[in-house]
Ligand SMILES: Cc1cc2nc3c(=O)[nH]c(=O)nc-3n(C[C@H](O)[C@H](O)[C@H](O)COP(=O)(O)O)c2cc1C
């Protein structure tokens with residue numbers, strides 16, 4: 001399962017996610033879940049789900065994503081860099097994993113696909129710190145990363161080797 005974190009249709013994140021999916025689908029069943037297609041509210045922090053065996057107080061599309069997560073053995077996070085972090089739409093989805101339903105998931109591996117406009121060496125540092133902490137917290141193996149600097153406008157990623165890189169990573173996971 002790939003969660004694509006940009007609302008921009010046909011944007012760089014989506015192209016990168018699709019390239020990964022193309023490679024991975026040679027050996028696996030792959031689904032891309034785009035934040036654009038799901039209404040997921042930020043976590044309220046009420047912890048009601050911990051008293052109701054995972055039933056969230058909010059009635060939104062997150063229930064559909066929980067169902068898909070339940071079937072997945074690998075999770076790929078794809079995001080544009082928004083002010084040195086992941087997009088808020090994607091963060092909302094990830095925060096909703098603060099729910100005991102996550103104990104029923106079978107995710108063994110994760111991969112990370114990131115795009116950003118700047119060419120700054122430190123561009124992805126904050127996201128990588130969070131990613132590594134999450135791997136440790138959930139005891140999940142890192143399957144690899146494709147980190148793409150210098151892509152701003154729609155389609156800029158076509159001028160890089162990143163789509164081939166993502167395809168190859170998908171193929172070998
Ligand atoms: C709200 C917002 C914040 C952004 N912040 C950053 C940033 O901090 N650093 C950066 O390099 N690019 C930043 N960008 C640029 C995007 O990361 C870049 O355009 C990316 O290719 C967008 O991916 P997409 O085509 O999948 O939407 C920002 C873009 C937006 C819309």
Collect the residues in region 15-33 that are without any contact (Cβ under 8 Å) to a residue 24 or more places away in the chain and either crowded, with 21+ Cβ neighbours inside 10 Å or within 13 Å of the ligand (Cβ to nearest atom) (or both), keeping them in residue-number order.
18
Unique match (being in contact with a helix residue (DSSP H, G or I) (Cβ under 7 Å, 6 or more places away or on another chain) and either within 20 Å of residue 131 (Cα to Cα) or within 16 Å of the ligand (Cβ to nearest atom) (or both)) among 96, 102
96
Test residue 88 against the stated conditions and say whether it is within 16 Å of the ligand (Cβ to nearest atom), more than 13 Å from the chain's Cα centre (by Cα) and either modelled with pLDDT under 95 or surrounded by fewer than 17 Cβ atoms within 10 Å (Cβ to Cβ) (or both).
no
Could you list, in sequence order, the residues of region 60-85 that are closer than 22 Å to residue 140 by Cα and assigned to a loop (DSSP other than H, G, I, E, B)?
72, 73
Please work out if residue 57 is away from the ligand (no atom under 16 Å from the Cβ) and either modelled with pLDDT under 95 or not in a helix (DSSP H, G or I) (or both).
yes
Please determine whether any residue of region 66-74 is modelled with pLDDT of 95 or more, surrounded by 16 or more Cβ atoms within 10 Å (Cβ to Cβ) and in contact with a strand residue (DSSP E or B) (Cβ under 6 Å, 6 or more places away or on another chain).
yes
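The values are calculated or read from the model by the stated rules, or taken from the named source; none is laboratory data. Fair warning: this is a prediction, and the values are worked out from it, not measured in the lab. FYI the Cβ positions are ideal-geometry reconstructions off the backbone, even for glycines, and counts take in every protein chain you see.
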